[in-house]
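K.L.:
Sharing a structure with you now.
The values are calculated or read from the model by the stated rules, or taken from the named source; none is laboratory data. Since this is a predicted model, take the numbers as computed values, not measurements. Here Cβ is always computed from backbone atoms with ideal geometry, including for glycine, and neighbour counts include all displayed protein chains.
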Amino acid sequence: MATVKPFSALRYDQAKSGAPLERLVCPPYDVIDAAMQEVLHRHSPYNIVRVELAKASPDDAPGKDRYSRAAQTLNDWIARGVLRADAQPSFYVYEQTFDIASGGASRSQEVTRRGFFGAIQLEPFGTGCVYAHEETFGGPKADRLSLMRACAANVSPVFGLVPDEASAIAALLRVAAQRPADAQAIEDNGVLDRLWVASDPDWCGKLAEQLRSRSIFIADGHHRYETFCNYRDERRKADGDPQGKLDKAYNYGLIVCVPMSDEGLYILPTHRLIQAAPGLSKQGFLREAAALFDQRDATDRDLCALAEGRSGAVEFGVVFSDGSRKIISAGPQSAAAMKKTAAAKSDAWRGLDVAVLQELVLKGLLHLSEEKVLRKEGISYTPDTRQAIAKVTAPGGQYVMSFILKPTLIEQVRVVATGGEKMPQKSTYFFPKLLTGLVMRKL
């Protein structure tokens, strides 16, 4: 089963950096836009965004580009002692305390999610005990591989879920987090990130042993994980070791594992915003949808409640640019249509709200091809329910309608993934995102 081991992390020496940790870390690359990139650059000359997502230049050429600059920056910081390697192999207990409202929920509730950083032995999806849970977009893999080639490092982790029915892993993490944290950062959105270095060999051995009997489900960072595997294969070939018999650092990847039963494991839905539906009016959409779904009028309160629902029949909200709102619910007709449309899929997959929306509504009623959905043409995404409503109802906006979804359940992730299937893209949004720069690995 899963092999996850302690390692000697590369971490910031804050005395050398001259800045608090929150000025040195950044979110994952795929949520950083140009404006945020500029803000992060202003936070500190040592902010990890200069490695994770270095700026492009008009003069870039192969071998002299943002990837080579990222590598030069990383190596320079190591040489200066701004980044240093820990002396002992360790696991790194990682805790995030947050208000769910900061992620887009319509109510306030403070929760804490606890997991740990480790080094996972890499294997391609579907060949062992590491499972992907959703389809991914292709482009970012090439970008991340170029960064890994240049830096020879895991700069940011993947996010994994581990079954922990008896709470044995959670108990070990709780023990390690009883003392004051070794590092902490408060993000701009109020999320408190805390880190404990757990280097006791006995404790590390117990945690590693617990993991050997379990599978790992990738929650976030599918691109990064696949890139880890591709990079490993390149390095093995270069070293004349295609079977991976040598004990090399590149055979492992940086991961944060969180127990599936953790009370702070919070999944937001990813709502769909539609820019255009050629040839289909609101009335036409509702008329065609009536053959598959029951419909009822809805208020913003109804839609917010739906977006925080954790069970029940397949249903989703629809917001139109004229300000009207509906909730449409699946019935026998939609179930029959899913069996016909997605005959090769399992009942578990066909029962996903996001799958029904994709197959029967986006592709069926709106005639958005799978290629367009994959390329995000005419469709945008947000986990913020109020934003998904406001962007459609704003005068002169670019969106004609939006679909409000319920969150995907952890159990649905487990069942679909272990069945060898992948959910549609953007089925889950795990909040908050893991910070980049707290813990890194040189390869």
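K.L.:
Please go through segment 336-353 and give me each residue that is part of a loop (DSSP other than H, G, I, E, B) and over 25 Å from the mean Cα position of the chain (by Cα), ordered by number.
P.N.:
Looking only at segment 336-353, we keep the residues that are part of a loop (DSSP other than H, G, I, E, B), and these are 342-346, 351-352.
Result: Ala342, Ala343, Ala344.
K.L.:
Separate question: Could you go through segment 153-164 and let me know if any residue there is loosely packed, with under 15 Cβ neighbours inside 10 Å and either over 17 Å from the mean Cα position of the chain (by Cα) or in a strand (DSSP E or B) (or both). Walk me through how you get there before you give the answer.
P.N.:
Restricting attention to segment 153-164, the residues satisfying the condition of being loosely packed, with under 15 Cβ neighbours inside 10 Å are none.
Checked segment 153-164: no residue is loosely packed, with under 15 Cβ neighbours inside 10 Å and either over 17 Å from the mean Cα position of the chain (by Cα) or in a strand (DSSP E or B) (or both).
K.L.:
Determine which member of the set Ser324, Ser329, Ser261 is closer than 30 Å to Phe91 by Cα and either touching a strand residue (DSSP E or B) at 6+ places or on another chain (Cβ under 9 Å) or not assigned by TED's automatic domain parsing to the domain that holds Trp349 (or both).
P.N.:
Numbers: Ser324 fails: closer than 30 Å to Phe91 by Cα; Ser329 fails: closer than 30 Å to Phe91 by Cα.
Testing whether each residue is closer than 30 Å to Phe91 by Cα and either touching a strand residue (DSSP E or B) at 6+ places or on another chain (Cβ under 9 Å) or not assigned by TED's automatic domain parsing to the domain that holds Trp349 (or both) leaves just Ser261.
K.L.:
Continuing with this model, one more query. Of the residues Thr341, Thr428, Thr382, Thr393, which single one is free of Cβ contacts under 8 Å to residues at least 40 places away in the same chain and of a type in the set (Val, Ile, Thr)? Give the steps one after another, and end with the answer.
P.N.:
Working: Thr428 fails: free of Cβ contacts under 8 Å to residues at least 40 places away in the same chain; Thr382 fails: free of Cβ contacts under 8 Å to residues at least 40 places away in the same chain; Thr393 fails: free of Cβ contacts under 8 Å to residues at least 40 places away in the same chain.
Result: Thr341 is the single residue among Thr341, Thr428, Thr382, Thr393 that is free of Cβ contacts under 8 Å to residues at least 40 places away in the same chain and of a type in the set (Val, Ile, Thr).
K.L.:
Here's a follow-up. Does Asp322 meet the test of being among the acidic types (Asp, Glu), under 27 Å from Gln109 (Cα atoms) and over 25 Å from the mean Cα position of the chain (by Cα)? Don't jump to the end; show me each part of the working.
P.N.:
Values: among the acidic types (Asp, Glu): yes; under 27 Å from Gln109 (Cα atoms): no; over 25 Å from the mean Cα position of the chain (by Cα): yes.
No; evaluated as a whole, the condition is false for this residue.
K.L.:
Out of curiosity, is Leu368 of a type in the set (A, V, I, L, M), buried (at least 18 other Cβ atoms within 10 Å of the Cβ) and either within 22 Å of Ala344 (Cα to Cα) or without any contact (Cβ under 8 Å) to a residue 12 or more places away in the chain (or both)? First the steps, then the outcome.
P.N.:
Details: of a type in the set (A, V, I, L, M): yes; buried (at least 18 other Cβ atoms within 10 Å of the Cβ): yes; either within 22 Å of Ala344 (Cα to Cα) or without any contact (Cβ under 8 Å) to a residue 12 or more places away in the chain (or both): yes.
So Leu368 passes the test.
K.L.:
Same structure again: With the structure loaded, tell me whether Lys363 is free of Cβ contacts under 8 Å to residues at least 40 places away in the same chain, assigned by TED's automatic domain parsing to the domain that holds Glu288 and under 20 Å from Ala337 (Cβ atoms) or whether it fails that test. Steps first, please.
P.N.:
Working: free of Cβ contacts under 8 Å to residues at least 40 places away in the same chain: yes; assigned by TED's automatic domain parsing to the domain that holds Glu288: yes; under 20 Å from Ala337 (Cβ atoms): yes.
Spelling it out, Lys363 is indeed free of Cβ contacts under 8 Å to residues at least 40 places away in the same chain, assigned by TED's automatic domain parsing to the domain that holds Glu288 and under 20 Å from Ala337 (Cβ atoms).
K.L.:
What is the residue count in segment 402-437 for residues that are within 24 Å of Ala105 (Cα to Cα), assigned to a helix (DSSP H, G or I) and of a type in the set (A, V, I, L, M)?
P.N.:
2
The rows are residues; the columns are (1) closer than 15 Å to Val361 by Cα; (2) in a loop (DSSP other than H, G, I, E, B); (3) aromatic (Phe, Trp, Tyr); (4) modelled with pLDDT of 95 or more.
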| position | (1), (2), (3), (4) |
| --- | --- |
| Ala276 | yes, yes, no, no |
| Arg296 | no, no, no, yes |
| Cys304 | no, no, no, no |
| Ser311 | no, yes, no, no |
| Val319 | yes, no, no, yes |
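K.L.:
Condition (residue is of a type in the set (Lys, Arg), at pLDDT below 95, outside any strand (DSSP E or B) and more than 23 Å from the chain's Cα centre (by Cα)) applied to segment 370-390: is it met by at least one residue?
P.N.:
First, the residues of segment 370-390 that are of a type in the set (Lys, Arg): 372, 375-376, 386.
After this cut, where a residue has to be at pLDDT below 95 as well, the list is 372, 375-376, 386.
Pick out the ones that are also outside any strand (DSSP E or B) and you get 372, 375-376, 386.
If we keep only those that are more than 23 Å from the chain's Cα centre (by Cα) too, we end up with none.
No, there is no match, as no residue in segment 370-390 is of a type in the set (Lys, Arg), at pLDDT below 95, outside any strand (DSSP E or B) and more than 23 Å from the chain's Cα centre (by Cα).
K.L.:
How many of the residues in segment 413-422 are surrounded by 22 or more Cβ atoms within 10 Å (Cβ to Cβ) and either of a type in the set (S, T, N, Q) or under 21 Å from Leu306 (Cβ atoms) (or both)?
P.N.:
1
K.L.:
Turning to a different aspect of this structure: If I filter segment 175-194 for residues that are farther than 13 Å from Val25 by Cβ, part of a helix (DSSP H, G or I) and in contact with a helix residue (DSSP H, G or I) (Cβ under 9 Å, 6 or more places away or on another chain), do I get at least one hit?
P.N.:
yes
K.L.:
For segment 106-135, give me the residue count where each residue is without any contact (Cβ under 8 Å) to a residue 24 or more places away in the chain and closer than 19 Å to Ile186 by Cα.
P.N.:
3
K.L.:
Please determine whether any residue of segment 291-309 is touching an Asp or Glu at 6+ places or on another chain (Cβ under 6 Å) and polar (S, T, N, Q). Steps first, answer last, please.
P.N.:
Filtering segment 291-309 down to residues touching an Asp or Glu at 6+ places or on another chain (Cβ under 6 Å) leaves none.
Looking for residues that are touching an Asp or Glu at 6+ places or on another chain (Cβ under 6 Å) and polar (S, T, N, Q), one finds none in segment 291-309, hence no.
K.L.:
Give the residues of segment 8-18 that are over 23 Å from Leu254 (Cβ atoms) and outside any helix (DSSP H, G or I), sorted by residue number. Reasoning before the result, please.
P.N.:
We begin by selecting, within segment 8-18, every residue over 23 Å from Leu254 (Cβ atoms); these are 15, 18.
Answer for segment 8-18, where residues must be over 23 Å from Leu254 (Cβ atoms) and outside any helix (DSSP H, G or I): just Gly18.
K.L.:
Please name all residue pairs, on different chains or six or more residues apart, with Cβ atoms under 8 Å, provided the first residue is in segment 265-278 and is in contact (Cβ under 8 Å) with a residue 60 or more places away in the chain and farther than 13 Å from Leu368 by Cα and the second residue is part of a strand (DSSP E or B) and of a type in the set (Val, Ile, Thr).
P.N.:
Pairs that qualify, where the first residue is in contact (Cβ under 8 Å) with a residue 60 or more places away in the chain and farther than 13 Å from Leu368 by Cα and the partner is part of a strand (DSSP E or B) and of a type in the set (Val, Ile, Thr), are Leu265/Val258; Tyr266/Val111; Pro269/Ile404; Thr270/Thr382; His271/Thr382; His271/Ile404.
K.L.:
Whether any residue in segment 42-55 is in the same structural domain as Pro157 (by TED's automatic domain parsing), of a type in the set (Asp, Glu) and within 28 Å of Glu234 (Cα to Cα) is what I want to check. Break it down stepwise before answering.
P.N.:
So in segment 42-55, the residues in the same structural domain as Pro157 (by TED's automatic domain parsing) come out as 42-55.
Still in the running and of a type in the set (Asp, Glu): 52.
Filter again for within 28 Å of Glu234 (Cα to Cα), leaving 52.
Taking every residue of segment 42-55 in turn, at least one turns out to be in the same structural domain as Pro157 (by TED's automatic domain parsing), of a type in the set (Asp, Glu) and within 28 Å of Glu234 (Cα to Cα).
K.L.:
Now for a different question. Scan (1) free of Cβ contacts under 8 Å to residues at least 60 places away in the same chain; (2) within 30 Å of Ser380 (Cβ to Cβ) for the single condition Phe98 breaks and write down its number.
P.N.:
(1)
K.L.:
Under 7 Å between Cβ atoms, at least 6 apart or on separate chains: pull out the pairs that start in segment 309-335 with a residue that is more than 21 Å from Ala388 (Cα to Cα) and end on any residue that is among the acidic types (Asp, Glu).
P.N.:
Close Cβ pairs (under 7 Å, with a partner that is among the acidic types (Asp, Glu)) amount to Ala330/Glu315; Gly331/Asp294.
K.L.:
Here's a follow-up. Among the candidates Ser380, Ser402, Ser427, single out the residue that is under 26 Å from Glu52 (Cβ atoms), of a type in the set (Gly, Ala, Ser) and crowded, with 20+ Cβ neighbours inside 10 Å.
P.N.:
So the residue among Ser380, Ser402, Ser427 that is under 26 Å from Glu52 (Cβ atoms), of a type in the set (Gly, Ala, Ser) and crowded, with 20+ Cβ neighbours inside 10 Å is Ser427.
K.L.:
Right, something else. Output the residue which, of all residues in segment 407-443 that are polar (S, T, N, Q) and closer than 30 Å to Leu246 by Cα, is modelled with the lowest pLDDT.
P.N.:
If we filter segment 407-443 for residues that are polar (S, T, N, Q), which is where we start, we get 408, 412, 418, 425, 427-428, 436.
Now narrow it down to the ones that are closer than 30 Å to Leu246 by Cα: 418, 436.
Numbers: Thr418: 87, Thr436: 97.
For segment 407-443, the residue satisfying everything is Thr418.
K.L.:
For Glu22, state whether it is farther than 26 Å from Tyr94 by Cα and part of a helix (DSSP H, G or I).
P.N.:
no
K.L.:
Here's a follow-up. Any idea which residue in segment 336-363 is surrounded by the most Cβ atoms within 10 Å (Cβ to Cβ), counting only those that are over 26 Å from Cys304 (Cα atoms) and small (Gly, Ala, Ser)?
P.N.:
Kept after step one, since they are over 26 Å from Cys304 (Cα atoms), are these residues of segment 336-363: 336-347.
If we keep only those that are small (Gly, Ala, Ser) too, we end up with 336-337, 342-344, 346.
Details: Ala336: 11, Ala337: 19, Ala342: 16, Ala343: 8, Ala344: 6, Ser346: 13.
Among residues in segment 336-363 that are over 26 Å from Cys304 (Cα atoms) and small (Gly, Ala, Ser), the one surrounded by the most Cβ atoms within 10 Å (Cβ to Cβ) is Ala337.
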